[in-house]
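**Q** Take this structure, written in structure tokens, and hold onto it; I'll ask about it next.
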Amino acid sequence: MDTLSAARSDWRELFKGIYLKRTLMIWVLWVCVYMINNGLVTWLPTLYKQVFHLPLETSLAYGWITSGVGVIASVFCALLIDKVGRKRWYAVAFFVTTVPLLVLTALGATTATQVVVLAPIAYAILQTIAFSLYLYSAELYPTRLRAIGTGFGSAWLRAGSSIGPLMVGWIVADLGIRYVFTAFAAVALIGGLVTTVFAIETKGRVLEELSP
């Protein structure tokens, strides 16, 4: 019985003391990143095909470009993020992501060229966060909470991945394509603000110090 009680108390620690802020913060980051990136990667091929009337092969190739630059960006992230630090990297990535998205809004996203140049840039930048967010989530919790904390956090990527395409469909139907990119920029801005205010830096700190 004592063992069962202790096991039950573990998940509650996610919402107590220093871990409450960390838990809510990491959930927001998961949602923001995957709302944008999953929304982009699932919607862009359809945009190329149905709106810009590109051949299916070209639409798929443009979609591959988005995924390909994401992989390249993830490699750079792996090489540099330990030197830069998680919090700084994430904050800058979120804020910089708003730039190509707002440029697309200003241009109106009227040509496939505009989209295939600017949208993959936004995707690639955010992919560096998605690539490393599992690791950062694990760094926020002690051993007794690490698995459950990371699991709960990553579960929110499912929510973000679901909300993104739904949001795209609603905005396109009611407002138009350009405002999809406005909405994504707003989500990235929220992610950047939450990171700046609530995230903790783990660079150069041992786990026992970070998560007692």
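Every number here is computed from the coordinates shown, using simple stated rules; none is lab data. Keep in mind that this is a model prediction, so the values were computed, not measured. Note that we place each Cβ from the backbone using ideal geometry, even for glycine, and neighbour counts take in every protein chain shown.
**Q** Quick check on the chain: helices-only [θ] at 222 nm, where DSSP H runs of length 4 and up contribute -39,500 (n - 2.57) each and the sum goes over total residues. Nearest 500, please.
**A** Working: 8 runs with 177 residues, N = 212.
Mean residue ellipticity, 222 nm, calculated: -29000 deg cm²/dmol.
**Q** Still on this model: Counting pairs of alpha carbon atoms under 8 Å apart in space and at least six apart in sequence, what relative contact order in percent does the range 17-210 give? The partial results should precede the final answer.
**A** Numbers: 255 pairs, mean separation 81.0, N = 194.
The value is 42 percent.
**Q** Determine, for Leu166, Leu102, Leu47, the number of other Cβ atoms within 10 Å of each Cβ, and report the residues in order from fewest to most.
**A** On the way: Leu166 11, Leu102 19, Leu47 23.
Sorted ascending by nearby Cβ count, the order is Leu166, Leu102, Leu47.
**Q** Return a single number: how many Lys pairs in the chain, at a sequence separation of 8 or more or on separate chains, have alpha-carbon atoms below 29 angstrom apart.
**A** 7
**Q** State the Cα centre-to-centre distance between the range 158-172 and the range 132-149 in whole Å.
**A** What the calculation gives is 27 Å, centre to centre.
**Q** Right, here's the next one. Which is farthest toward the positive dipole end of the chain among Thr113, Val92, Ile177, measuring Cα position about the Cα centre, with Cβ charges +1 (Lys, Arg) and -1 (Asp, Glu)?
**A** Val92
**Q** Say the dipole of the range 17-210 comes from +1 at the beta carbon of Lys and Arg and -1 at that of Asp and Glu; which of Leu166, Met25, Val71 then lies farthest toward its positive end?
**A** Selected residue: Met25.
**Q** Which value, in debye to the nearest 20, describes the size of the charge dipole of the chain about its Cα centre when Lys and Arg Cβ atoms bear +1, Asp and Glu Cβ atoms bear -1, and nothing else is charged?
**A** Details: 16 positive and 10 negative charges, 58 e Å.
Magnitude of the dipole: close to 280 debye.
**Q** Once the Cα gyration tensor of the chain is diagonalised, what are the square roots of 5 times its eigenvalues, in whole Å and ordered largest first, as equivalent ellipsoid semi-axes? If you can, show how the numbers build up before the last one.
**A** Numbers: eigenvalues 245, 62, 42 Å².
Semi-axes (√(5λ), whole Å): 35, 18, 15.
**Q** In addition: Which whole-Hz couplings ³J(HN,Hα) result when phi for each residue of the range 182-191 is put into the Karplus expression 6.51 cos²θ - 1.76 cosθ + 1.60, θ = phi - 60°, listed in order with x for Gly and Pro?
**A** 5, 5, 5, 4, 5, 5, 5, 5, 4, x
**Q** Okay, next question. Looking at the chain, identify the longest residue range that excludes and avoids all trypsin sites (Lys or Arg not before Pro) in DSSP loops having at most 15 other Cβ atoms within 10 Å. Can you show the working numbers first?
**A** On the way: sites that count: Lys16, Lys203, Arg205.
Between the exposed loop sites, the longest stretch runs 17-202.
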